[in-house]
Amino acid sequence: MKSFDIKTKIYFGDNSMDRLRDTPYKRIMIVTDKFIAESDLLKIVTDPLAQSGKEYKIFSDVVPDPPVEKIVGGVKAVLEYAPDCLVAVGGGSAIDSAKAIREFAERMTSQKMGLIAIPTTSGTGSEVTAFSVITDSVHHIKYPLVSDSLLPDEAILDEALVMSVPQNVTADTGMDVLTHAIEAYTSINNNEFSAALAEKSVEICGAFLLRAYLDGHDAHARRKMHVASCLAGLAFNSASLGLNHGMAHQLGANFHIPHGRANAMLLPHIIEYNSGINIHSRSQKEYPKQVEKYVSLARLLGLQNFNTITTVRALVNWVQFMDKEMNIPLSISQLGTVSGKDYFSKIPEMAEAALKDACTATNPKVPSYDDVVKIYQDLW
Ligand SMILES: NC(=O)c1ccc[n+]([C@@H]2O[C@H](COP(=O)([O-])OP(=O)(O)OC[C@H]3O[C@@H](n4cnc5c(N)ncnc54)[C@H](O)[C@@H]3O)[C@@H](O)[C@H]2O)c1
Ligand SMILES: [Fe+2]
């Protein structure tokens, strides 16, 4: 038996931030990072709270790839302030932190708290997912916590919050959206509902990601990508992800490669691996199911080509083209921040962890240890 539901109420479009004025919550803890707390962005959130007489306090100790210690700090702050709602303002790191903080604070106090997620990147879709990715910084492992109790109650999508996203973050987070949609679509848990959401998200990425990258002031492209991010979040919340994310998590935990960038670099390799199609392939009578799915997505992107092999190749080429156009390196060596010695010495450990990562379980092809090692090696 399968089921599909959307617990998070999504506010979007013009004046969506007015929701904060009307919310029944009275005492609010804002969970965000230092950059956002010190920028003008936060006023977009605090103005409607102040106008409607809500009490609020700002917790701004969120850092990228949130580690366990920072979550503990957040739980302490919540226990002291005793809010009736958390409002997460930021990228995936702030939203994931708020989810974990609420979860642990609720368990300790037996008091229910609301959670409103307001994304400031168009990337993780964390505002609508039951995932929170927390890092064990001692053992260099990223743990995706998965529980419906992590789902935010409400999400507010306002593109005014993403207009200031720098080009490199637009590129990385945009490729994260694309990876979510593609992995959800090819996941073994893919279903008609998640597929519809993933298809729309891929279509929007094809039309608007490069536009948003080339001109960050293009409000229409920003709004579309903000919606695409949420659609992809809904898709993978239902269908889950795959090996791309399982492997990317290890690159983030060990080398602090931004999450979306790690996904973007891996994506051409994963499509080749999952499809079994590379530059040497010749046409076959039958292909595995995921190959047809890659072909469908390539068609949606207008990449339809001569036959199955050339169409999947076109998809791989298009992903590489997007990476190049947006200055995302195609290999770890091109990245220039990781030494070959450090990278290769970590591969066995990363491969073990990638196989155990919760995302890998729904990959369309079951990877072996040697498969994962080879993909990490090829990525160098
Ligand atoms: N929960 C999920 O379902 C899920 C899915 C994918 C990834 N993740 C996790 O989310 C995290 C990555 O999130 P992210 O990619 O959104 O990045 P992030 O939250 O780490 O933010 C990246 C950088 O962008 C800055 N930033 C954010 N918004 C900005 C704005 N409007 N203007 C200027 N700068 C801005 C931040 O200050 C930060 O320096 C990782 O920890 C990843 O593992 C979670
Ligand atoms: Fe992701």
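The values are calculated or read from the model by the stated rules, or taken from the named source; none is laboratory data. Everything numeric in this text was worked out from a predicted model, so none of it was measured. Note that each Cβ is placed from the backbone with ideal geometry, even for glycine, and that neighbours are counted across all protein chains shown.
When the residues of the stretch 95-104 are filtered to those that are away from ligand 2 (no atom under 15 Å from the Cβ) and among the hydrophobic types (A, V, I, L, M, F, W, C), which remaining residue is surrounded by the fewest Cβ atoms within 10 Å (Cβ to Cβ)?
First, pick out the residues of the stretch 95-104 that are away from ligand 2 (no atom under 15 Å from the Cβ): 97-98, 100-104.
Now narrow it down to the ones that are among the hydrophobic types (A, V, I, L, M, F, W, C): 98, 100-101, 104.
Details: 98: 33, 100: 22, 101: 29, 104: 15.
In this case the residue turns out to be 104.
Mind checking whether some residue in the stretch 136-143 is of a type in the set (D, E, K, R) and in contact with a Leu (Cβ under 8 Å, 6 or more places away or on another chain)?
Residues of the stretch 136-143 that are of a type in the set (D, E, K, R), as a first pass: 136, 142.
Add one more test, that the residue is in contact with a Leu (Cβ under 8 Å, 6 or more places away or on another chain), and what stays is none.
There is no residue in the stretch 136-143 that is of a type in the set (D, E, K, R) and in contact with a Leu (Cβ under 8 Å, 6 or more places away or on another chain).
What number of residues within the stretch 75-92 satisfy the criterion of being surrounded by fewer than 24 Cβ atoms within 10 Å (Cβ to Cβ) and small (Gly, Ala, Ser)?
Residues that pass the stated criteria total 2.
Of everything in the stretch 255-313 that's acidic (Asp, Glu) and without any contact (Cβ under 8 Å) to a residue 40 or more places away in the chain, which residue is farthest from ligand 2 (Cβ to nearest atom)?
Within the stretch 255-313, the first condition is being acidic (Asp, Glu), and the residues that meet it are 272, 286, 292.
When the remaining residues are screened for being without any contact (Cβ under 8 Å) to a residue 40 or more places away in the chain, the result is 286, 292.
On the way: 286: 32, 292: 24 Å.
Looking at residues that are acidic (Asp, Glu) and without any contact (Cβ under 8 Å) to a residue 40 or more places away in the chain, I get 286.
Sort through 246, 260, 216, 242 and tell me the only one that's surrounded by fewer than 22 Cβ atoms within 10 Å (Cβ to Cβ) and small (Gly, Ala, Ser). It would help to see each step written out before you state the result.
Values: 246 fails: surrounded by fewer than 22 Cβ atoms within 10 Å (Cβ to Cβ); 260 fails: surrounded by fewer than 22 Cβ atoms within 10 Å (Cβ to Cβ); 242 fails: surrounded by fewer than 22 Cβ atoms within 10 Å (Cβ to Cβ).
The match here is 216.
Please give the number of the condition residue 66 fails out of (1) away from ligand 1 (no atom under 16 Å from the Cβ); (2) touching an Asp or Glu at 6+ places or on another chain (Cβ under 7 Å); (3) at pLDDT below 95.
(1)
Which residues, counting only those in the stretch 14-43, are touching a residue at least 24 places away in the same chain (Cβ under 8 Å) and either among the small types (Gly, Ala, Ser) or surrounded by fewer than 13 Cβ atoms within 10 Å (Cβ to Cβ) (or both)?
Within the stretch 14-43, 16, 22, 34, 39 qualify.
Which one of these is more than 19 Å from residue 327 (Cβ to Cβ) and within 16 Å of the chain's Cα centre (by Cα): 177, 165, 202? Spell out the reasoning first.
Working: 177 fails: more than 19 Å from residue 327 (Cβ to Cβ); 165 fails: more than 19 Å from residue 327 (Cβ to Cβ).
Just one listed residue meets the conditions, 202.
Return the only residue of 353, 314 being in contact with a strand residue (DSSP E or B) (Cβ under 8 Å, 6 or more places away or on another chain), crowded, with 16+ Cβ neighbours inside 10 Å and either of a type in the set (A, V, I, L, M, F, W, C) or not assigned by TED's automatic domain parsing to the domain that holds residue 279 (or both).
Numbers: 314 fails: in contact with a strand residue (DSSP E or B) (Cβ under 8 Å, 6 or more places away or on another chain).
That would be 353, the only listed residue that is in contact with a strand residue (DSSP E or B) (Cβ under 8 Å, 6 or more places away or on another chain), crowded, with 16+ Cβ neighbours inside 10 Å and either of a type in the set (A, V, I, L, M, F, W, C) or not assigned by TED's automatic domain parsing to the domain that holds residue 279 (or both).
Could you check the stretch 162-265 for helices (runs of 4 or more DSSP H) lying wholly inside it with 3 or more residues that are within 11 Å of ligand 1 (Cβ to nearest atom), modelled with pLDDT of 95 or more and acidic (Asp, Glu)? Explain how you work it out, then say what you get.
Working: elements: 167-186, 192-214, 219-239, 243-255.
Hits in the stretch 162-265: 167-186.
Which members of the stretch 144-164 meet the condition of being within 16 Å of ligand 2 (Cβ to nearest atom) and buried (at least 18 other Cβ atoms within 10 Å of the Cβ)?
Of all residues in the stretch 144-164, those within 16 Å of ligand 2 (Cβ to nearest atom) come to 144-146, 150.
Scanning the stretch 144-164 gives 144, 150.
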